[in-house]
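Structure, as structure tokens:
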Amino acid sequence: MKRRILNIACIGAGYVGGPTMAVIADRCPDISVTVIDLNEARIAAWNSGSLPVYEPGLDDVVRRTRGRNLRFIPQRDGAAAVAAADAVFISVTAPTKTQGSGAGKASDLSYVEACARYIAEHATGHTIVIEKSTMPVRAADTIKRILATSPHGGIFDVLSNPEFLAEGTAIRDLEKPDRVLIGGEAPEAVEALAEVYAHWVPDQAILRTGLWSAELSKLAANAFLAQRVSSINAISALCEVTGAQVDEVAKVLGSDSRIGPKFLKASVGFGGSCFKKDLLSLVYLCEFYGLTEPAAYWQSVQDLNEWQKRRFAQMAAAHAKKNGGVVAVLGLAFKKNTNDFRESPAIDICNHLLAEGVSLRLQDERVDPKAFCEVLVDETEAGFSFFRDVEEAVRDAGSILVLTEWDLYANLDWSKLSCLTASSAMVFDGRMIIDHTGAREAGVSTFVVGSGNA
Ligand code: NAD
Ligand code: UGA
């Protein structure tokens, strides 16, 4: 029987649920979309003029759709929306488990399971349940088992429709995706969801696979991307000691059409809520199935990332301790154009410096200082403060760390800044973004990740 989706509910109003549902509502005026979350402050923010997620273009999409065919409601009011839905997306986190079997690697499915229970309790008739969250392969089995307990005899199809958007470019990625992936067992359900995306995505970009392939493809895609970053970061260290330039090497590599130019930017290490979590999930899956060597391979991608952050932090701390012990940190977000700092390299690097007794002057265009405070550990009481302006942050600093590639940092006027910093100031550019010629001409020495001139 042909199915049509006219009513969508989405559980989880985070970095994925909010923007994804806003774009679906925008591109599908014939579909009603309700986003539900347990976090009432987050829902209130989605209903306000100050959205909880910063993404270029998101404000406009929400302005066009909210109150038309898009609404954000707290979970306690969500039962009717789930009952009326033809399709319910699950877009909550599945973080790394912190306790129990698989702790430190396996995914914690408790939030996803809570959503499945909520759907089982409230759904009526036939409902397509869609995994939007990134899940370990075969997670759909768990969801199906829970849905089978539905007290109202609900009938369900479970699909895997992982999201590939990257933060900072989420709206562009959603509006013009490289591909949309739909994995499922029931062709009618797969086609019903494909029809939603067909409002704006060409059919050849809508890939249909089995459930397990879809679940695994998402983990594998993130692991491949992370592996490229770790590969170029491994080369960056070799460049620094041999006199080679990692951006030149990356250009040569990227112009090989078999390799391609993307994700070859050396950095202070990758961050974000997903690469580490998804790599560890893949490692756990390999170990679970007795695949020791593949597990070690994917673990090494994560280990190299930890090493890259650590060596940068150690270099900066050594310099800071000899040069006044005051460090300016420019950039706290895990990449530019987002307010998200989950797993940001800045967290580990700041905590390393604080543990070494170095005091910090922090600056970021978008990150909420109050929230960032909560991830800092200042046992030595070295102290840290936040500044709105770069000029204020660098005042009297002997070391300046650039940890996020915000455009602002590319255009800094070092002749002006050098009058504010300590006299022996040095910049540690973890993003290859600053004008290092300008900095050196202004008397500020530089370390640029992957640069053999360091
Ligand atoms: P998030 O933490 O920003 O949002 C998750 C939301 O779910 C939170 O607002 C939380 O309050 C809510 N929630 C948790 N349990 C709930 C429950 N039982 N009922 C109702 N609400 C509940 O997470 P995110 O970054 O949007 O990621 C969600 C999923 O998407 C993850 O699996 C992630 O791996 C995947 N993903 C994320 C990105 C990204 O760029 N952030 C990209 C692709 C895929
Ligand atoms: C990543 C993937 O790119 C998305 O496809 C995926 O949907 C998402 O994870 C997810 O599942 O959460 P995201 O983490 O938002 O997206 O951002 P990326 O652009 O992938 O950057 C991740 C980290 O790698 C950032 O810290 C970034 O600065 C770093 N990076 C990226 C580099 O250091 N060098 C590069 O060349 C590229």
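Here is how the numbers come out for the structure above:
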read-out: R0 of 51 Å, Cβ-Cβ distance residue 198-residue 453: FRET efficiency to nearest 0.05; value: 0.45
read-out: Spin-label model distance (nm) - residue 99 vs residue 297, 7 Å beyond Cα toward Cβ; value: 3.6 nm
read-out: Residue 13 long-range amide H proximity, modeled H, under 5 Å; value: none
read-out: Other-chain or far-sequence residues with amide H under 5 Å of residue 446's (modelled H); value: 427
read-out: FRET E, pair residue 376, residue 186, Förster distance 45 Å, beta-carbon r, rounded to 0.05; value: 0.40
read-out: Carbon + sulfur, % of accessible area of region 136-196 - ligands and nucleic acids excluded, 1.4 Å; value: 50 percent
read-out: Residues in region 65-102 reached by a label modelled at residue 152 [backbone nitrogen below 19 Å; 7 Å Cα→Cβ]; value: 73-90
read-out: R0 of 30 Å, Cβ-Cβ distance residue 385-residue 415: FRET efficiency to nearest 0.05; value: 0.75
read-out: Magnitude of the charge dipole, the chain, Cβ model with Lys/Arg +1 and Asp/Glu -1, debye to 20; value: 400 debye
read-out: Extended-chain gain in nm, criterion 0.36 nm per residue less alpha-carbon gap, residue 231 and residue 80; value: 49.5 nm
read-out: Surface share of carbon and sulfur [accessible, 1.4 angstrom probe, percent] for region 234-367; value: 58 percent
read-out: Amide H partners (placed H, <5 Å) of residue 126, local residues excluded; value: 155
read-out: Under the Karplus curve 6.51 cos²θ - 1.76 cosθ + 1.60, θ = phi - 60°, whole-Hz ³J(HN,Hα) for region 45-52, x wherever Gly or Pro sits; value: 5, 5, 8, 9, x, 10, 5, x
read-out: Estimated vicinal HN-Hα couplings, Hz - region 373-382 in sequence order (Karplus 6.51, -1.76, 1.60; Gly, Pro = x); value: 3, 5, 9, 8, 10, 10, 5, 7, 6, 5
read-out: Linear extension gain, residue 306 paired with residue 257, 0.36 nm per residue minus alpha-carbon span; value: 14.7 nm
read-out: Selection from 227, 250, 319 lying farthest towards where the dipole of region 221-331 points positive, charges on Cβ; value: 319
read-out: Rel. contact order, % - alpha carbon contacts under 8 angstrom, at least six apart, the chain; value: 12 percent
read-out: Extension gain (nm, one decimal) between residue 248 and residue 60, 0.36 nm per residue minus Cα-Cα; value: 63.8 nm
read-out: Euclidean distance of C-alpha centroids, region 176-221 and region 439-454, integer Å; value: 47 Å
read-out: ³J(HN,Hα) computed for each position of region 130-138 - Karplus, 6.51 cos²θ - 1.76 cosθ + 1.60, integer Hz, glycine/proline x; value: 10, 6, 9, 4, 7, 10, x, 4, 5
read-out: Average accessible area per residue (Å²) across the chain - probe 1.4 Å, nucleic acids and ligands excluded; value: 43 Å²
read-out: Separation in nanometres of the label points that stand 7 Å from Cα toward Cβ, at residue 355 and residue 209; value: 3.8 nm
read-out: Above-threshold pairs, the threshold being 21 Å between Cα atoms, out of 277/309; 132/335; 97/132; 265/309; value: 132/335
read-out: Within the accessible area of region 1-65 (1.4 Å probe), percent carbon and sulfur; value: 51 percent
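The values are calculated or read from the model by the stated rules, or taken from the named source; none is laboratory data. This structure is a prediction, so every number in the text was calculated from the model and none was measured. In this analysis, Cβ positions are derived from the backbone assuming ideal geometry, glycine residues included, and neighbour counts consider all displayed protein chains. Remember, those area values only see protein heavy atoms, side chains included, never the ligands or the DNA or RNA. Shrake-Rupley method; radii C 1.70, N 1.55, O 1.52, S 1.80 Å.
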